[in-house]
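Only one structure is covered here, and it is reproduced in the block below.
No lab work stands behind these numbers, since they all come straight from the coordinates. Model, not experiment: these values are computed from the prediction. Reconstructed Cβ throughout: ideal geometry from the backbone, glycine too, with neighbour counts over all protein chains shown.
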Amino acid sequence: MSTSLFAAEPVVHAIGNNRECFFDAALLDASRTSAELKLHHPVYRGSVLTHDGSWEGSGCNYHNLFFDDAYKGIDGKNEKGTYRLYYTSWQTPSAEPNAKPVKPIVIGYAESADGINWIKPNLGIVEFEGSKDNNIIVYPGFNHDKAGINDLMVFRDDNPACPPEARYKGIGADCAVGLRVYPSPDGIHFTEGDLITTKGYFDTLNVVFWDAVAGLYRGYIRNFHETDDPRAPGKVRDIRYIESKDFKTWTDPVLLNFDDGVDIPLYTNAVSPYFRAPQIYIGFPSRYIERTAWNGSFEELGGRDLRKNRMTLSRRFGLAITDCVFIVSRNGKDFHRYGDAFMRPEMENGANWVYGDCYPARGFAITPNSVPGCPDEISMYLPTNHWMQEPAQLNRYTLRMDGFASIHAGGSETIATTKFLKYEGTNLFINFETSAMGYLFVTLIDAAGNRFASCETFGNAIDRKVVFDDPEAVAAHAGKPMMVEFRMRDADVYSMQFR
């Protein structure tokens, strides 16, 4: 007779047939895991959009996008739907000779059928320098001649209770008051709505979205807090969380909780439910790192003279540098934060390693793989040329599906074992890769210690069926507490799904 592995009834995590991504260790049993979590990095694929309009410039940032299957594009030809992109449009100030003038901040709009080829449609909404031939949707004075808005994050509100006239919502910093919603029936024409909160400092891309899994609205906003941490004394830029069930009454902002215990200044957040596993929340905050003084490394860093010019306007315009980290949460409030950068500034080219690098757009596109015959990839977008008095470029980067992080094994065999899970389905599929020498053995383990092993698994696929020695092993144990063990060498496992 089998003996239970546990003296007490084990805690069981019900995952149903959700895709579970190994972005964190939330589902792993640390006592039975020797494999490590590994952060992966996106690959540069070139520029997709140039911000060269007279209303645009080197300050174009805070990009955000989503796929809208209900909108067929400005010309009605995108039968499957359209990627819709919104961004802050302006020219950064400069002290260099013959610097371009800083014009009012406006909000621009672009769209794409495929996530690769983008257009800036002439909307004819806003007059700028005597012409409505532009892609501007929001502008100073839009807000009743107040100070205007600093940024606009737009989402489609799929809450069934949402009225049609507010199906699209812009979230913007009303510079005179606080964070405000700007409702729209079509994602193009916006009106002023209610304040969401006045408790914060909102000159960044503040994020709000409808969470269909939880049945509520979640918001991630910017603020400051005081710290005596010697690495970053004084005021620290931070991210705070709010929520609402009806988009009318919002909770007070609370600091996000990070598991690394480090007080690092964070400037943006770009948080969203991961589209292939919406029970998981991911974000890409930019770390704001301001050196206290000019030193020899600044002398050698690319763009030295431009950096010194900017410092005549403000020291931090020359001493601050930004990169981007990856964060992940299972409840939207408590996050695992990787210590190494998800995106670093590229090789020094005279126009980077500045305050304003690595502000990834919020949102993704699914795009064809650059290798013919391979599965579609995730595309992310990142602006460059900040402060450079040149048109900002929006660049595209790609990752494999679920490819932000993985369970990783190097040249020596390691084990990763989940906690007890209760799944639904008759087969197990994994997103994984091995080397030619590498391998995986996947084993299901019940509470009594009985083991049901797979054959050796090797290759590189985003949706590989795991073949077990007993073809009925997965189906026979559906709905029962089971652990999943990965015995692996020179391999990565990105996600798994029972179905």
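For a test of the definition: using alpha carbon positions, the gyration tensor, and the 1.5 limit on a/c, classify the range 255-398 as rounded, prolate or oblate. Oblate shape, in that a/c is at least 1.5 and b/c is the bigger or equal ratio. Scanning residues 5 or more positions from Gly356 or on other chains, those with amide H under 5 Å from its amide H are Thr322, with H placed 1.01 Å from N in the peptide plane.
Applying a 4.7 Å Cβ-Cβ cutoff to the chain leaves Cys21, Cys60, Cys162, Cys175, Cys374, Cys455 as cysteine residues with no disulfide-compatible partner.
Taking packing as the residue-averaged number of other Cβ atoms within 10 angstrom, the listed peptides 432-439, 465-472 run from highest to lowest as 432-439, 465-472. Spin-label pair Glu346-Thr50: with each label point 7 Å from Cα along the Cα-Cβ axis, the two points sit 1.5 nm from one another.
The H on the amide N of Thr268, modeled in the peptide plane, is under 5 Å from the matching H of Ser286, each at least 5 residues off or on a different chain.
Across the range 408-416, rounded Karplus estimates of 3J(HN,Hα) from the backbone phi angles (6.51 cos²θ - 1.76 cosθ + 1.60, θ = phi - 60°) give 10, 10, x, x, 9, 5, 9, 10, 10 Hz, Gly and Pro being marked x.
Quote the FRET efficiency, to the nearest 0.05, computed for Leu39 versus Asn223 with a Förster distance R0 of 30 Å and r equal to the Cβ-Cβ distance.
That gives a FRET efficiency of 0.65.
Taking θ as phi - 60° and the Karplus parameters 6.51, -1.76 and 1.60, the scalar couplings of the range 334-343 work out to 9, 10, 8, 10, 6, x, 8, 5, 6, 10 Hz in sequence order, x denoting glycine and proline. Here's how it looks for Gly57: its modeled amide H is under 5 Å from those of Trp90, Ala392, which are all 5 or more places away or on a different chain.
Fully extending the segment from Thr426 to Glu96 would add 112.2 nm, taking 0.36 nm per residue of separation and subtracting the current Cα-Cα distance.
Kirkwood hydrodynamic radius computed over the range 1-130 comes to 20.1 Å, based on all pairs of distinct alpha carbons.
With θ taken as phi - 60° and the Karplus curve 6.51 cos²θ - 1.76 cosθ + 1.60 applied, the whole-hertz 3J(HN,Hα) list for the range 435-445 is 7, 4, 7, x, 6, 9, 10, 9, 10, 8, 10 Hz, x standing for glycine and proline.
Over the Cα atoms of the range 79-187, the radius of gyration divided by the Kirkwood radius equals 1.01; this is the Rg/Rh ratio.
Ordering 380-389, 109-118 by mean Cβ neighbour count within 10 Å, with the highest value first, yields 380-389, 109-118.
Straight Cα distances below 25 angstrom link Lys169 to the lysines Lys72, Lys77, Lys80, Lys120, Lys132, Lys146, Lys199, Lys245, Lys248, Lys333, with same-chain residues fewer than 8 positions distant left out. Our compactness index for the chain, the C-alpha radius of gyration over the empirical 2.2 N^0.38 Å, is 1.04.
Estimate the FRET efficiency between His13 and Val177 by the formula 1/(1 + (r/R0)^6), using the beta-carbon distance for r and 56 Å for R0, to the nearest 0.05.
0.80
DSSP bridge analysis restricted to the chain gives an antiparallel fraction near 95%, rounded to the nearest 5. In this simple spin-label model, placing a label point 7 Å from the Cα along the Cα-to-Cβ direction at both Asp305 and Ser370 gives a separation of 3.3 nm.
Working note: Cα gyration tensor of the range 169-294, eigenvalues times five, square-rooted, sorted largest first, giving semi-axes of 27, 18, 13 Å.
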